[in-house]
């Protein structure tokens, strides 16, 4: 039975792997050294003639050891790409301490429990992402408000 | 098999042949009345106390917080940071608990040192000293997380069989430990130094 | 009393140059180490600081150790900190247990954490550290061994699976571990 949890409750950390660019900022800033990241670089062929081949980092392993984690949230604050989220789930006690190290598959499962961000104050400025998305919608609307077709 | 034989180590090879309903009943009785000894060392102890109070109430799960000490306890909840100075005391309290005994490690500090993993005087996890049955993560874990940890322990006890406990116990190869091995001399007070002003 | 008045009064009473630092509350009186007990007696008797709060030290690297006592005057309602510097090579100070008996355990803790000997202390043995602990943990040169033993997950560069992948680039050391320490290569 879940009690009424306050918004932004800290229970467990979820990872959106698609957003992660393996910048390693979370692993470096974690005070407990409990985020383990392995990755390799991949070179993609140039798409157009004359373009450079692009390298990107591919995540092999992203694990958070929740036995060590102190739920400070530094990793979530510092991530520049919004790949980590708080989730209010707290019921994951185990008999085996190795099972408390959650790999990226399990961290993705926690994503489905991440709540929507709390609503902003009435009359407050909307977050920049929301304003940009609204502007993009208006520009794309056929015969849109911007006036250009 | 009389019920009194269950609590004594060396219940005999016949325990292995105990029929399933008896094992179910014995485990059922054991898991739904656990006397808990709170080894409250730090902040997690307060969350443990909160769980024992009216709002979260683990007494409704059958866990009794009124064990007068480790000698009358079934489960020990290690809540808080275990320092190197206290480690021998934690071990001694665990050894004072009679079998069958269980340990719940509550919070990050007792799981593996937690935020103080790099300290010079912190034991990195109480499982370096004593065997732990359930690890509850959190810093500190919510009271509801302790309730889920207790339920996990109850599932574990339900799977328990006397043969497994005998195998895990330090007395596994001995039919009956001698009484001398189980008793300890009284702790002597520390010898005062010259002109001790304490 | 302002900081300057206090400095002047203390200098007159003790006969040595006493400076007062006003950077952080409470006011900090800096006295030389050879007048340590006299300064403490002055602070307790003349300035009325009869409540002993804490005694500790900090490692000031080249300048030695600085030992600080914080006390409070219950009747006059003011705090005061008393500080002295002692050299690193010979860290000794007379004990303050004659002035404030509460300094007993604080001096024991300062002794085990920094290695500062308090002459005249009735029982200068470690207080908090386990038996057989080697070293003085709060000195700046004390390395936390756990930070050396555990490989730092942030040492890997983005796009690296194991340590040793990035060659020719300066390896990042975890915070708190000096260059001379490290796992055997």
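A few points about this structure:
- Diffusion coefficient (Stokes-Einstein, Kirkwood radius over C-alpha pairs, 10 °C, 1.306 mPa s) for region C:55-103: 132 µm²/s, rounded to a whole number.
- Using a Förster distance of 51 Å, the FRET efficiency for residue A:131-residue C:173 (Cβ separation, nearest 0.05): 0.75
- Evaluated on the protein assembly as shown, the Kirkwood hydrodynamic radius is 28.6 Å, with distances taken between all distinct Cα atoms.
- Kirkwood hydrodynamic radius of chain A, from inverse mean 1/r over distinct Cα pairs, in Å: 18.4
- Among C:61, B:187, the ranking by other beta carbons within 10 Å of each residue's beta carbon, starting with the fewest, stands as B:187, C:61.
- Take the Cα of residue B:188, step 7 Å toward its Cβ, do the same at residue C:128, and the gap between the two points is 3.0 nm.
- Packing rank of A:120-128, B:68-76, C:122-130, B:133-141, where each peptide gets the mean count of other beta carbons within 10 Å, highest leading: B:133-141, B:68-76, C:122-130, A:120-128
- Restricting attention to the protein assembly as shown, close to 65% of DSSP beta bridges with both partner residues there are antiparallel.
- Its relative contact order, with pairs defined as Cα atoms under 8 Å and 6+ residues apart, puts chain C at 14 percent.
- A protection proxy built from the mean count of other Cβ atoms within 10 Å ranks the segments A:72-82, C:50-60, most packed first, as C:50-60, A:72-82.
- Per-residue mean of C-beta atoms belonging to partner chains within 10 Å, peptide B:144-151: 4
- Viscosity 0.890 mPa s, 25 °C: Kirkwood-radius Stokes-Einstein D of region A:1-89 over Cα pairs, µm²/s: 165
- As a length-normalised measure over Cα pairs under 8 Å and 6 or more apart, the relative contact order of region C:86-131 settles at 39 percent.
- Each of B:156, B:124, C:140, C:156 was scored by other Cβ atoms within 10 Å of its Cβ. Listed from fewest to most, they are C:140, B:156, B:124, C:156.
- Relative contact order of region A:12-118, pairs being alpha-carbon contacts under 8 Å that are 6 or more residues apart, as %: 37
- Normalised by 2.2 N^0.38 Å, where N counts its residues, the alpha-carbon radius of gyration of chain C equals 1.35.
- Between helix A:128-140 and chain A: long-axis angle, C-alpha atoms, 0 to 90°, nearest 10: 30
No value in this document is a laboratory result; all are computed from the given coordinates. Model, not experiment: these values are computed from the prediction. Methodologically, a virtual Cβ is constructed for each residue, glycine included, from the backbone with ideal geometry; neighbour enumeration extends over all protein chains shown.
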